[in-house]
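Below is one structure, written out as structure tokens; the observations come after it.
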Amino acid sequence: MCWCAAAGCRRQRRVRIVTGTVHQIPQRELRQLLRCLVEIQLHATERKRAGLFGPWVPGVPEAERRAALRALAALVAVFAGSDDPAVSALRRAEVDVGASDQALEAFDKLAALPRRKIISVYARLMRPRSAP
């Protein structure tokens with residue numbers, strides 16, 4: 001098994017661990033190690049899309065969808081800045097149902113940390129109320 005399989009490499013090859021300088025490692029093994037490292041880097045940097053949640057879940061009533069889009073637009077403005085393109089895309093999706101896909105794409109383009117913060121605050125705000 002590849003030495004970097006634990007870090008996300010999908011190759012199932014045997015690589016012998018070589019100690020010493022790069023010049024002492026055979027060319028074939030160097031190429032394989034380089035491919036593994038590139039694959040790990042690509043795997044680590046691939047962006048994951050947000051799943052369908054909130055206003056994008058099928059069957060959400062229109063009033064609830066608008067309220068959810070407005071709340072998301074406000075959270076994006078707070079965490080990513082009011083000039084972020086996702087804010088205007090979410091606001092457009094409030095009045096135009098066809099713009100929802102564009103709003104989700106704009107939301108997916110947010111940086112990972114603000115997007116996680118937005119989703120966590122949104123989930124906290126929109127959770128079902130507990131019985132008194």
Every listed condition ((1) outside any helix (DSSP H, G or I); (2) modelled with pLDDT under 90) holds for SER82 save (2)
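Could you grab me the full set of residues in the stretch 110-132 that are of a type outside the set (S, T, N, Q), loosely packed, with under 14 Cβ neighbours inside 10 Å and assigned to a loop (DSSP other than H, G, I, E, B)?
Taking the stretch 110-132 first, the residues of a type outside the set (S, T, N, Q) are 110-119, 121-129, 131-132.
Those still in the list that are loosely packed, with under 14 Cβ neighbours inside 10 Å too: 111-113, 116, 123-125, 127-129, 131-132.
The answer is ALA111, ARG127, PRO128, ARG129, ALA131, PRO132.
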State whether the residues of the stretch 63-79 include one that is out of contact with any Asp or Glu (no Cβ under 9 Å at 6 or more places or on another chain) and basic (Lys, Arg).
no
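The values are calculated or read from the model by the stated rules, or taken from the named source; none is laboratory data. Keep in mind that what you see is a predicted model, and the values were worked out from it rather than measured. Here the Cβ is made from the backbone with ideal geometry for all residues, glycine too, and neighbour counts use every protein chain on show.
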